[in-house]
Amino acid sequence: MKKPLYKKMSSLALAIVFGGAIGLTAGCSAPANQAAPTPTVAAQPTAAPPTPAPVAEPSAGNGSINWESAIQQIAQTDTEATQKADAAEVLAKSYTPSAVELKDFESQIVEEYTAGNYLAHSEDAGYMLTNLFKATVVERNHPDGEAMKKFAFDFYQNTKYVFRGSEAVDSEAVQSNEAQMDKALSELTTK
């Protein structure tokens, strides 16, 4: 069975955007106008070479994506917050969590919200992008109408717009979304 053209194109677009984000990260590691130092004498090792740390396996269905390192790479780029948020969102949309990881993401975003932390660190790109990633993954993995999907969507919106600077933490839009989040949480606790 052939895939519809729009699915092929959206997959290609996601791959291009994600590849571009990684390319930006790799391209921003050293200034272009800085020459690499050349040693005048051959370097002599002063200690035993470090042993590589074991690589942790990703805990989700996508074995090829280590989302935490990808988020940190995105956070460290010299791009605008909007572009960083978009790249994190693309990553989240292509990510398939395990059932355990999905439950962890759910409890973590609820905990961040109820503790009042989720918008308190809006200048910390790694923190905000991690929350954005988790909320997007949770929202995409729940059917329409479910309280957790509603909560995750409003959490995502507030996180995204505050991080991008489009909304202030105390704006009317943020407060409205938080009222909806409180309603969704009450639905979750009555089940």
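List of remarks:
- Any chance residue 71 is buried (at least 17 other Cβ atoms within 10 Å of the Cβ), touching a Gly at 6+ places or on another chain (Cβ under 7 Å) and not in a loop (DSSP other than H, G, I, E, B): yes
- Criterion applied to 163, 151, 133, 155 was being touching a residue at least 40 places away in the same chain (Cβ under 8 Å), over 24 Å from residue 76 (Cα atoms) and either among the aromatic types (Phe, Trp, Tyr) or not in a helix (DSSP H, G or I) (or both), and the one residue passing it is 151.
- Selected residue (criterion: farthest from residue 119 (Cα to Cα)) from residues of segment 132-170 that are at pLDDT 95 or above and hydroxyl-bearing (Ser, Thr, Tyr): 136
- Scanning segment 127-153 for residues that are open to solvent by 10 Å² or more (accessible area, probe 1.4 Å) and either farther than 17 Å from residue 102 by Cα or touching a strand residue (DSSP E or B) at 6+ places or on another chain (Cβ under 8 Å) (or both) yields a count of 2.
- Residues that are assigned to a helix (DSSP H, G or I) and of a type in the set (D, E, K, R), drawn from segment 138-148: 139, 140
- Residues being part of a loop (DSSP other than H, G, I, E, B) and open to solvent by 70 Å² or more (accessible area, probe 1.4 Å) - total across segment 167-191: 3
- The residues in segment 147-172 that are farther than 14 Å from residue 109 by Cβ and under 22 Å from the mean Cα position of the chain (by Cα) can be counted, and the count is 9.
The values are calculated or read from the model by the stated rules, or taken from the named source; none is laboratory data. Everything numeric here is computed off the predicted structure, so don't read it as measured data. Neighbour counts are summed over all protein chains in view; Cβ atoms, including those assigned to glycine, are modelled from backbone coordinates with ideal geometry. These area figures cover heavy atoms from the full protein model, side chains too; ligands, DNA and RNA do not enter into them. Shrake-Rupley method; radii C 1.70, N 1.55, O 1.52, S 1.80 Å.
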